[in-house]
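What follows is calculated from the coordinates using simple rules that are stated; it is not laboratory data. What you see is a predicted model, and the numbers here were worked out from it, not measured in a lab. Note: ideal-geometry Cβ built from the backbone for every residue, glycine included; neighbour counts use all protein chains shown.
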Amino acid sequence: MKTSRIAAAVAAAALAAGGLAACGDDEPDDGRTHITVTIDAGLEQAAIDAFNKRIEQFEDANPDIAVETQEYTWTAGTFTAQLAGGTLPDVFTVPFTDGRGLIERGQIADIGDLTAELPYREDYNPNIAAAGEDAEGDLWAVPIAAYGQGLHYNRTLFTAAGLDPDAPPTTWDEVRAAAKTIAEETGESGYSVMTNDNTGGWILTTVVNALGGRTEADGAATIDTPQMREALGLLQDMRWTDDSMGDNFLYDWGTINQDFASGRIGMYVSGGGNYGNLFTQNALNPDDYGLTVLPLADSPDAGVLGGGTLAVVSPNAEAEEQAAAVKWIDFYYMEKLTVQEAAVANAEISAETGQPVGAPELPVFDKATYDEVQTWIAEYVNVPVDQMAPYTDQVFEQPLLNEPVTATQEVYGVLDTVVQSILTDENADIDALLETAQAEAQAAIDAAA
């Protein structure tokens with residue numbers, strides 16, 4: 001049984017630490033192991049209530065562990081400073097792109113012995129598990145969610161512009177045409193992109209992948225390519241010829257979510273599982289929401305960029321805290337993906353507190369497991385699944401491409417500058433931008449290697 005196996009790991013860790021619960025200077029000496037866990041910043045109160053109910057359930061099942069929360073949202077601009085300053089919670093999350101580097105530098109706890117005891121350890125999709133494994137195959141970082149990029153669109157703006165919200169664009173030419181129509185008919189941005197905090201490079205890489213290109217191959221930067229020129233040319237045309245991209249060219253992940261949820265953006269690209277964030281953190285009106293797959297070029301190399309989220313443990317956590325942290329990761333993130341009772345309980349609490357249930361995401365195990373979970377929680381699904389059907393009906397058939405492996409965030413940062421230049425300088429020289437970006441990206445890759 002899963003709970004007994006994890007409990008055994010906790011007991012073993014406690015014995016190894018001399019049987020003493022960790023108690024920092026500011027922690028009560030109540031005989032319990034205290035851990036801090038991450039909660040997304042900016043949640044609506046209902047989402048906070050749902051999270052607190054899950055903590056109550058966990059503490060009822062584990063009376064020897066006390067859980068406190070700490071607001072945290074990963075961003076490239078703040079994470080490094082938080083990591084260096086030791087201000088992160090005991091359990092925090094990072095993108096797949098950070099996993100290998102954190103492991104190699106010893107900046108997260110080695111919980112490989114604990115994760116080896118998880119009953120689903122060998123059930124992971126190998127490509128997904130690799131994001132959290134060290135060179136020996138030990139799982140230091142637990143994959144808790146995966147995504148494939150999608151095209152999010154505002155159905156209300158589509159309707160106001162005379163477009164059919166049930167027939168979203170299927171090619172990039174159609175994306176451009178729809179964006180122009182939305183901008184002309186509604187005055188809002190027809191299509192917007194992220195440009196800040198490494199997100200500009202992330203989305204540019206996404207579009208390049210969809211066109212059949214790559215930004216890295218065999219340990220080398222591949223920035224100056226026909227696909228990159230096509231992607232930048234599309235942005236240049238939409239911005240300066242069509243005037244369909246609004247007036248904000250400094251979006252990051254959080255701010256573009258805000259403007260999309262408030263009805264100021266017709267379309268944008270982001271992870272296909274973003275509905276929950278839009279709803280719980282940005283008060284999205286579900287009636288406005290539409291989601292479809294990215295248009296893929298007619299190329300055998302075209303695919304949808306995928307990634308995901310890893311749950312990790314602070315290297316400052318003591319042995320018993322690490323074991324308690326793995327118990328929390330298993331309980332909060334993983335049981336709802338693997339255990340029917342837990343999946344139903346989580347869905348029930350979410351539905352009771354008005355939180356979204358049933359938003360699409362890619363499976364960290366396999367599609368059969370994902371489909372089974374959907375049958376378990378069917379009665380609690382409260383999201384507009386029909387409005388997401390253009391995505392869910394097709395995304396599992398799209399080739400899924402991993403994010404670049406080496407110096408990922410650094411290369412994304414280099415590409416941020418390229419995107420910003422295209423959108424803010426009508427005379428931006430694509431040739432010169434790509435020559436510089438190619439050299440800077442290669443330098444970053446060489447330094448990381």
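Work out the charge dipole of the chain with +1 on the Cβ of Lys and Arg and -1 on the Cβ of Asp and Glu about the Cα centre, then indicate which of 334, 415, 398 is farthest towards its positive end.
Highest projection toward the positive end goes to 398.
Looking at 108, 156, 284, which one has the Cα that reaches farthest to the positive end of the dipole of the chain (charges on Cβ: Lys, Arg +1; Asp, Glu -1)?
156
Within the chain, what is the number of lysine pairs with alpha carbons under 30 Å apart, leaving out pairs fewer than eight places apart on the same chain?
Number of lysine pairs found: 10.
Which value, to two decimals, describes the C-alpha radius of gyration of region 263-377 once divided by 2.2 N^0.38 Å? The partial results should precede the final answer.
Numbers: Rg = 17.4 Å, N = 115, 2.2 N^0.38 = 13.4 Å.
Here the Cα radius of gyration is 1.30 times the empirical estimate.
Can you give the net charge of the other residues whose Cβ lies under 10 Å from the Cβ of residue 387, counting K and R as +1 and D and E as -1?
-3
So what's the convex hull volume per residue for the Cα atoms of region 310-449, in Å³?
About 211 Å³ per residue, rounded to a whole number.
Might you report the magnitude of the Cβ-based charge dipole of region 75-180 about its Cα centre, with Lys and Arg at +1 and Asp and Glu at -1, to the nearest 20 debye?
720 debye
If you fit an axis through the alpha-carbon atoms of helix 199-210 and take the longest principal axis of the Cα set of the chain, what angle between them do you get, 0 to 90°, nearest 10?
In the chain, helix 199-210 runs at an angle near 70 degrees to the longest axis.
Rounding to the nearest 10 and keeping the result within 0 to 90°, find how far the Cα-based axis of helix 45-61 lies from the longest principal axis of the chain.
30 degrees
Stretch residue 344-residue 81 to full length: gain in nm at 0.36 nm per residue minus the Cα-Cα span?
Stretched out fully, the residue 344 to residue 81 stretch lengthens by 90.9 nm.
Given a Förster radius of 22 Å and the C-beta distance between residue 285 and residue 255 as r, what FRET efficiency does 1/(1 + (r/R0)^6) yield to the nearest 0.05?
Given R0 = 22 Å and the Cβ-Cβ separation, E is 0.75.
How much net charge surrounds residue 248 when only other residues with a Cβ under 10 Å from its Cβ are counted (Lys, Arg +1; Asp, Glu -1)?
Neighbourhood net charge equals -1.
Taking the Cα centre of the chain as origin, sum charge times position over the Cβ atoms of Lys and Arg (+1) and Asp and Glu (-1), and report the length of that vector in debye to the nearest 20.
Using only the charged Cβ atoms, the result is roughly 360 debye.
Give me the extension gain from residue 301 to residue 134: residue separation times 0.36 nm, minus the current Cα-Cα distance, reported in nm with one decimal.
Computed gain between residue 301 and residue 134 is 57.3 nm.
Considering the Cα trace of region 137-237, what is its radius of gyration and what is Dmax, both in angstroms?
16.7, 55
As a test of understanding, state the convex hull volume per residue of the chain from its alpha carbons, in Å³.
Taking the convex hull of the Cα positions in the chain, it is 137 Å³ per residue.
What residue among 141, 240, 125 has its Cα farthest toward the positive end of the dipole of the chain, where the charges are +1 on Lys, Arg and -1 on Asp, Glu, each on the Cβ?
Going by the Cα projections, it comes out as 125.
Helix 172-186 sits at what angle to the longest principal axis of the chain, using alpha carbons and giving 0 to 90 degrees rounded to 10?
80 degrees
Which net charge results for the neighbourhood of residue 183, defined as the other residues with beta-carbon distances under 9 angstrom from its beta-carbon, given Lys and Arg at +1 and Asp and Glu at -1?
Details: positive: 180; negative: 184, 185, 188, 242, 243.
Residues close to residue 183 contribute a combined charge of -4.
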